[in-house]
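Asks: Let me give you the structure first, and then I'll get to my questions.
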Amino acid sequence: MRERGTLPRLFGSLLLVVAAGISSVAAAPERGGPAPARTPVATPLGQVVPAPARVKPGGSPYAITARTRILVDEGPRRDAREVRRIGSYLAGLLRPATGYALPVTDDRGAAGIRLRLGAGDRSLGEEGYRLESGRGGITLTAHKPAGLFHGVQTLRQLLPVSVEKDSRQRGPWTIAGGTITDTPRYAYRGAMLDVSRHFLTPDQVKLYIDQLALYKINKLHLHLSDDQGWRIAIDSWPRLAGYGGSTQVGGGPGGYYTKAQYRDLVSYAASRQLEVIPEIDMPGHTNAALASYAELNCDGVAPPLYTGTSVGFSSLCAPKEITYDFVDDVVRELAALTPGKYLHIGGDEAHSTSHADYVAFMDRAQAAVQKYGKTVVGWHQLTGATPVPGAVAQYWGYDATGAAERAQVAAATRKGTRLILSPADRVYLDMKYDKNTVLGQSWAGYTEVDRSYDWNPATYLAAAGVPEDAVLGVEAPLWTETLATNDQLEVMAFPRLPGVAELGWSPAATHDWDTYKTRLAAQGPRMAALGIDYYRSPLVPWPTE
Ligand code: TNX
């Protein structure tokens, strides 16, 4: 939900008082004694999603007060601005609800919440952090800024839910004492938005980015083109966006990102420590491009724009040389917009392309990605062609996926292809939860919250012969044939997305549905306070009002 509505706000504040593990009421007084005082009990240190790797509770809690300062200990010069930005981001999170000034300062003498990049903390890696909480303050330590940012998300979840409100709330703002030392299981923890089937405005995408950041997702894959719409301006082929972007599923007005808007999205994502992975889906899923330029079609005739939801009917013309001029131009312009290392070229459901043409096309499309210095990502059908060294395949099979297809994926991993796991019957966020779910699809089956969470990425394809170390991570795609507003995105993504985030971040040893569902339940009031429209799955013991 875009605006923070009255309903979620009310819901959140009611729940604040009763939510298990968030605050609780002191033990009953002796008979005849004073009336029971509400003693706020801080959220237990481990009570966050994703579960931290190591938690050592103990010692005095810390309370944020009007005197608290945010101390940025800027570390190496190249990171100084980013550390300060993270300090300001934290202040921005805390100020509305606490009403405190929370100045961001580098005054080393002050006490409060300290953010520091420690040269000696290499074991925390690219994204890990340590959070130490005690009477004197909170110290977040990391080796890289991303770690501080993730530590801020943990700190945020340790505070009362009401901290998420955008108006002043009553404290106290107490954080339990102890130490969390936390590093991710996988380097790749992604979410995908299909901005083609329904165009999503930059503000819609930014809102989703903010929601992803809360759960330490670090990759945003944007599915920028499909049969129904081309969503990114390409200067050398202007009709792609101008005409190919002019509609969407159901025939609405569509839209596209100008390069300036797209750069702004990329930098917004970076400010939330997310890397954007752009996808141009080829050689199938290309009706919008084929409609825009007649010369890209084998018969030289442009088809009409398409607003339905079928797949597999369109193909770029593999034998024509102009096809590769197009691919080179698009990949070059997209690579120039992409500070991240990956560029996704789709490659799925090319049912209208012969196998020989598919293999030839994917060879040349991959070469273009390499030419412009990026790492190839493709849907796992790429393993039916010849993945280039270093290529990454995104597995989207499901329980019904045949043994031969799995074996082909496994064979590629033995030659060095690495995998992003997006099993459709686990983490496709457009799958219905059950038969009563209004939105979404069900071709891969119903996917309740437990099914979405309860699998192990390391062993998921082990029986087919995929080694554990071939798994780069997980990604939760959100296809938008049936979705257009943020409310609709949210009710499908939440609360499955936090589960995927936990699969990607938390050590396998913490994996347990029964304890997870309790931690997830505590996220309900937080999501509500943030205005996130989540599905109240009956499998999760949400706090009662
Ligand atoms: C399959 S997943 C597709 C998409 C659809 C999605 C709907 C994949 C690589 N292809 O084109 O949007 O199912 O669930």
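The values are calculated or read from the model by the stated rules, or taken from the named source; none is laboratory data. Just so it is clear, the model here is predicted, and its values are computed rather than measured. Here Cβ is always computed from backbone atoms with ideal geometry, including for glycine, and neighbour counts include all displayed protein chains.
Asks: Please verify whether segment 146-161 includes one or more residues that are more than 22 Å from the chain's Cα centre (by Cα), modelled with pLDDT of 95 or more and outside any loop (DSSP other than H, G, I, E, B).
Replies: No: segment 146-161 contains no residue that is more than 22 Å from the chain's Cα centre (by Cα), modelled with pLDDT of 95 or more and outside any loop (DSSP other than H, G, I, E, B).
Asks: Identify, by number, the condition in (1) surrounded by fewer than 21 Cβ atoms within 10 Å (Cβ to Cβ); (2) farther than 24 Å from residue 176 by Cβ that residue 110 doesn't meet.
Replies: Among (1) surrounded by fewer than 21 Cβ atoms within 10 Å (Cβ to Cβ); (2) farther than 24 Å from residue 176 by Cβ, the lone unmet condition for residue 110 is (2).
Asks: Any chance you could count how many residues in segment 419-435 are surrounded by fewer than 23 Cβ atoms within 10 Å (Cβ to Cβ), among the basic types (Lys, Arg) and within 16 Å of the ligand (Cβ to nearest atom)?
Replies: 1
Asks: Do we have any residue at all in segment 122-134 that's part of a helix (DSSP H, G or I) and closer than 27 Å to residue 66 by Cα?
Replies: No, segment 122-134 contains no residue that is part of a helix (DSSP H, G or I) and closer than 27 Å to residue 66 by Cα.
Asks: Among the helices (runs of 4 or more DSSP H) lying completely within segment 217-333, list those that include at least 2 residues that are touching a Pro at 6+ places or on another chain (Cβ under 9 Å) and either modelled with pLDDT under 95 or closer than 15 Å to residue 205 by Cβ (or both).
Replies: Here the list reads 259-271.
Asks: Which of the residues that make up segment 51-74 are under 17 Å from residue 108 (Cα atoms), within 28 Å of the chain's Cα centre (by Cα) and part of a loop (DSSP other than H, G, I, E, B)?
Replies: Matches in segment 51-74: 74 only.
Asks: Which residues, counting only those in segment 188-218, are within 16 Å of the ligand (Cβ to nearest atom) and not aliphatic (A, V, I, L, M)? Don't jump to the end; show me each part of the working.
Replies: In the first step, residues of segment 188-218 are kept if they are within 16 Å of the ligand (Cβ to nearest atom); the result is 190-200.
The answer is 190, 194, 196, 197, 198, 199.
Asks: Determine, yes or no, whether residue 333 is in contact (Cβ under 8 Å) with a residue 24 or more places away in the chain, surrounded by fewer than 22 Cβ atoms within 10 Å (Cβ to Cβ) and either closer than 25 Å to residue 443 by Cα or away from the ligand (no atom under 16 Å from the Cβ) (or both).
Replies: Values: in contact (Cβ under 8 Å) with a residue 24 or more places away in the chain: yes; surrounded by fewer than 22 Cβ atoms within 10 Å (Cβ to Cβ): yes; either closer than 25 Å to residue 443 by Cα or away from the ligand (no atom under 16 Å from the Cβ) (or both): yes.
In short, yes.
Asks: Residues in segment 365-383 that are more than 14 Å from residue 280 (Cα to Cα) and either in contact (Cβ under 8 Å) with a residue 40 or more places away in the chain or in a loop (DSSP other than H, G, I, E, B) (or both): how many?
Replies: The total comes to 3.
Asks: Please tell me if residue 501 is at pLDDT 95 or above, small (Gly, Ala, Ser), closer than 24 Å to residue 473 by Cβ and surrounded by fewer than 18 Cβ atoms within 10 Å (Cβ to Cβ).
Replies: On the way: at pLDDT 95 or above: yes; small (Gly, Ala, Ser): yes; closer than 24 Å to residue 473 by Cβ: yes; surrounded by fewer than 18 Cβ atoms within 10 Å (Cβ to Cβ): no.
So residue 501 does not fit the description; no.
Asks: Here are some residues: 382, 439. Which one is within 21 Å of residue 340 (Cβ to Cβ), surrounded by 15 or more Cβ atoms within 10 Å (Cβ to Cβ) and within 16 Å of the ligand (Cβ to nearest atom)?
Replies: On inspection, the qualifying residue turns out to be 382.
Asks: Then there's this: Listed residues 252, 244; which is buried (at least 24 other Cβ atoms within 10 Å of the Cβ) and away from the ligand (no atom under 16 Å from the Cβ)? Outline the logic, then answer.
Replies: Working: 252 fails: buried (at least 24 other Cβ atoms within 10 Å of the Cβ).
Matching residue, one of 252, 244: 244.
Asks: Do the conditions hold for residue 463, that is, is it part of a loop (DSSP other than H, G, I, E, B), surrounded by fewer than 23 Cβ atoms within 10 Å (Cβ to Cβ) and more than 13 Å from the ligand (Cβ to nearest atom)?
Replies: On the way: part of a loop (DSSP other than H, G, I, E, B): no; surrounded by fewer than 23 Cβ atoms within 10 Å (Cβ to Cβ): yes; more than 13 Å from the ligand (Cβ to nearest atom): yes.
Taking the combined requirement at face value, the residue does not satisfy it.
Asks: From the list 338, 323, 309, pick out the single residue that is in contact (Cβ under 8 Å) with a residue 60 or more places away in the chain, buried (at least 16 other Cβ atoms within 10 Å of the Cβ) and within 25 Å of residue 277 (Cβ to Cβ).
Replies: On the way: 323 fails: in contact (Cβ under 8 Å) with a residue 60 or more places away in the chain; 309 fails: buried (at least 16 other Cβ atoms within 10 Å of the Cβ).
Just one listed residue meets the conditions, 338.
Asks: Can you tell me how many residues in segment 350-368 are surrounded by fewer than 17 Cβ atoms within 10 Å (Cβ to Cβ) and not basic (Lys, Arg)?
Replies: Initially, segment 350-368 is screened for residues surrounded by fewer than 17 Cβ atoms within 10 Å (Cβ to Cβ), giving 351-352, 354-356, 359, 363-364, 367.
Still in the running and not basic (Lys, Arg): 351-352, 354-356, 359, 363, 367.
Residues flagged as surrounded by fewer than 17 Cβ atoms within 10 Å (Cβ to Cβ) and not basic (Lys, Arg) within segment 350-368 amount to 8.
Asks: Filter segment 393-418 for residues that are within 14 Å of the ligand (Cβ to nearest atom), hydrophobic (A, V, I, L, M, F, W, C) and either assigned to a strand (DSSP E or B) or crowded, with 16+ Cβ neighbours inside 10 Å (or both) and give the result.
Replies: The first filter runs over segment 393-418 and keeps only residues within 14 Å of the ligand (Cβ to nearest atom), leaving 393-398, 400-401, 405, 409.
After this cut, where a residue has to be hydrophobic (A, V, I, L, M, F, W, C) as well, the list is 393, 396, 400, 409.
Matches in segment 393-418: 393, 396, 409.
Asks: What residue, among those in segment 267-306 that are farther than 19 Å from residue 240 by Cβ, hydroxyl-bearing (Ser, Thr, Tyr) and in contact (Cβ under 8 Å) with a residue 60 or more places away in the chain, is farthest from the ligand (Cβ to nearest atom)?
Replies: 271
Asks: Going by the structure shown, is residue 150 within 18 Å of residue 217 (Cα to Cα), surrounded by 20 or more Cβ atoms within 10 Å (Cβ to Cβ), touching a residue at least 24 places away in the same chain (Cβ under 8 Å) and in contact with a Gly (Cβ under 9 Å, 6 or more places away or on another chain)?
Replies: The answer is yes for residue 150.
Asks: Same structure again: Considering each residue of segment 466-477, count those that are out of contact with any helix residue (DSSP H, G or I) (no Cβ under 6 Å at 6 or more places or on another chain) and either in contact (Cβ under 8 Å) with a residue 24 or more places away in the chain or within 14 Å of the ligand (Cβ to nearest atom) (or both), and give that number.
Replies: Here the count works out to 5.
Asks: Right, something else. Which one of these is among the aromatic types (Phe, Trp, Tyr) and within 20 Å of the chain's Cα centre (by Cα): 446, 453?
Replies: The unique qualifying residue is 453.
Asks: Quick test of your reading of the structure: residue 485 fulfils all but one of (1) away from the ligand (no atom under 15 Å from the Cβ); (2) crowded, with 23+ Cβ neighbours inside 10 Å; (3) closer than 24 Å to residue 225 by Cβ. Name the failing condition by number.
Replies: Going through (1) away from the ligand (no atom under 15 Å from the Cβ); (2) crowded, with 23+ Cβ neighbours inside 10 Å; (3) closer than 24 Å to residue 225 by Cβ one by one, residue 485 breaks only (2).
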